[in-house]
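Report on the structure given below.
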Amino acid sequence: MDTLPIFLKLAGRRVILIGDGEAAEAKARLIRAAGGRIVAEAEDAALAFIALDDDAEATAHAARLRQRGLLVNVVDRPALSDFLMGAIIDRSPVVLAVSTGGASASLARALRTRLEALLPASLGPLARAILAARDAVSRHHPTPSDRRRLWERALAEGAPLDPFASLPDPAAAVSATITGTSTTTPQIVHIPITSPDPGDLTLNQLNLLARCDTLVMQGPIPTAVVDRARRDATRLDAVPTPLPAGVTVVLGWDGEG
């Protein structure tokens, strides 16, 4: 990972924008949409955007602002930038951004277009309904593990809250989900690993890795495969007895070398 993807809260914060023309106007729209306030270069600010055609002028502005401790984005010049802007998919409060690390803005836009077509308009209302139901969920499902398992099942493909499905009434669907059970019987799944490339795994195998509670690694499992597992899953080198609650995924090396 060459850059750290973060989502910055700009509401009420000052942002320096230097430049004019189409590129500067586009950045101004984004800043204002996020609640930021555009100010002059001499003022204190949280971030700075530079949209200038002249390389020398853009470089000089970036150096001055960086010396003041600001993070700077120079439009179309990733080498001069401290942070990069991705191609944005807005289903607020769900926001996705696609970045190619400055390699190709056209590639980022193409990916955004394809991904945006997959995300229904009900995704934002679904997220708001889940947030509004937080207290009720805690009452019905008191432990973090209970809540995680509840949401994993409810948000799975084809499940009642499938985020890729269009929901006519997200709030009602969330309310019905809360009254469901979060208990689960122990489950163990063995996945043979034949290649260091996680792309060789099936979608079902990747889904199991992403939601496993316990990960057992038998043999020299490639790091790229392990990285696809849920980050806070318990990691062991032997199958525990008795099996813990939830999903235990056993990765066994079945490749060469």
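The values are calculated or read from the model by the stated rules, or taken from the named source; none is laboratory data. Every value quoted in this text rests on a predicted model; they were computed, and no experiment measured them. Note that each Cβ is placed from the backbone with ideal geometry, even for glycine, and that neighbours are counted across all protein chains shown.
Data table
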{"quantity": "Some residue of the stretch 157-164 being touching a strand residue (DSSP E or B) at 6+ places or on another chain (Cβ under 9 Å), in the same structural domain as ALA129 (by TED's automatic domain parsing) and surrounded by 18 or more Cβ atoms within 10 Å (Cβ to Cβ)", "calculated": "yes"}
{"quantity": "Selection within the stretch 221-234 - surrounded by fewer than 14 Cβ atoms within 10 Å (Cβ to Cβ), at pLDDT 90 or above and out of contact with any helix residue (DSSP H, G or I) (no Cβ under 7 Å at 6 or more places or on another chain)", "calculated": "THR223, ASP227"}
{"quantity": "ALA23 vs. criteria surrounded by 15 or more Cβ atoms within 10 Å (Cβ to Cβ), modelled with pLDDT under 95 and not polar (S, T, N, Q)", "calculated": "yes"}
{"quantity": "Residue list for the stretch 243-257, filter: in a strand (DSSP E or B) and buried (at least 19 other Cβ atoms within 10 Å of the Cβ)", "calculated": "VAL247, THR248, VAL249, LEU251"}
{"quantity": "Leading residue by the ranking (surrounded by the fewest Cβ atoms within 10 Å (Cβ to Cβ)) among those in the stretch 139-156 that are more than 18 Å from LEU208 (Cα to Cα) and touching a helix residue (DSSP H, G or I) at 6+ places or on another chain (Cβ under 7 Å)", "calculated": "HIS140"}
{"quantity": "Filtered residues of the stretch 114-124 (kept if surrounded by fewer than 18 Cβ atoms within 10 Å (Cβ to Cβ) and either among the small types (Gly, Ala, Ser) or at pLDDT 95 or above (or both))", "calculated": "ALA117, ALA121, GLY124"}
{"quantity": "Helices (runs of 4 or more DSSP H) (entirely within the stretch 168-242) containing at least 1 residues that are touching a His at 6+ places or on another chain (Cβ under 7 Å)", "calculated": "170-178"}
{"quantity": "Where ALA11 falls short, out of the listed (1) small (Gly, Ala, Ser); (2) surrounded by 12 or more Cβ atoms within 10 Å (Cβ to Cβ); (3) under 23 Å from SER99 (Cβ atoms)", "calculated": "(2)"}
{"quantity": "Long-range neighbours under 8 Å by Cβ, at least six apart or interchain, first residue touching a residue at least 24 places away in the same chain (Cβ under 8 Å) within the stretch 155-168, second outside any loop (DSSP other than H, G, I, E, B) and of a type in the set (Gly, Ala, Ser)", "calculated": "LEU161/ALA154; LEU161/ALA173; LEU167/ALA173"}
